[in-house]
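Heads up: the structure comes next, in structure tokens.
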Amino acid sequence: MAENDGSGAAEKLTFLLIGAGIGATLALLFAPKSGRELRGDIADYTKRGVDAAGEQARILGDRAGELYGTAAGKASEAYGNAASKVSDAYGAASGRVSEAYGTARDRVVSGAETISEAAGRQKEQIAAAIEAGKQAYREEKRKAGAAGEGEEA
């Protein structure tokens, strides 16, 4: 299996400190010192190692906080940009819809006027046809009445 080649600086620093601690401990154990002196040295080295590890942890924590702040700022900025673009797109689409509605309304009104004019002409033609039919009926009735009187006489 592939190993993680992208180990971070913190991991490398941790291994360095562990190795240094082990090396210092071994050096003290094999140094020609008394037991009390050796224990004191080990305690001093251990305290320095703990202090160094604590300082590195604080530095890493500060750096993580900075990175978090930067990432949060960029995310907030990206959100603001996206919201602005959505708002702009909504405004543009709303304008286009209003324009299309106005054009469609004008066309419907124009079509209604044309239909109204055509219906008015048809109404006049139908009224004229009805009047001509009435006139023809009266004429035929008059002719029939005149022919009926002539037969009786």
Quiz item: Magnitude of the Cβ-charge dipole of the chain, K/R +1 and D/E -1, about the Cα centre, nearest 20 debye?
Solution: 540
Exercise. At 7 Å along the Cα-to-beta-carbon direction for both LEU26 and ASP88, put a label point, then send me their distance in nm to one decimal.
Key: 6.4
Quiz item: In the neighborhood of GLU124, defined by Cβ-to-Cβ distances under 13 Å, what is the net charge if each Lys or Arg adds +1 and each Asp or Glu adds -1?
Solution: 0
Quiz prompt | Radius 13 Å from Cβ of ALA136, net charge of other residues (Lys, Arg +1; Asp, Glu -1) | solution = +2
Quiz item: Tell me which lysines have Cα within less than 29 Å of LYS134's Cα, excluding those fewer than 8 residues away on the same chain?
Solution: LYS123, LYS143
Self-check item: 11 Å beta-carbon shell around ALA27, net charge (K/R +1, D/E -1)
Solution: 0
Quiz item: Considering only TYR45, LEU60, ALA119, whose Cα is most displaced toward the positive end of the charge dipole of the chain, charges sitting on Cβ of Lys, Arg (+1) and Asp, Glu (-1)?
Solution: TYR45
Quiz item: Tell me, how many Å apart are the Cα centres for segment 21-35 and for segment 115-138?
Solution: 126
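No lab work stands behind these numbers, since they all come straight from the coordinates. The shown structure was predicted, so the numbers you read here are calculated from the model rather than taken from an experiment. All Cβ positions, even for glycine, are placed from backbone atoms using ideal geometry, and neighbour counts span all protein chains on display.
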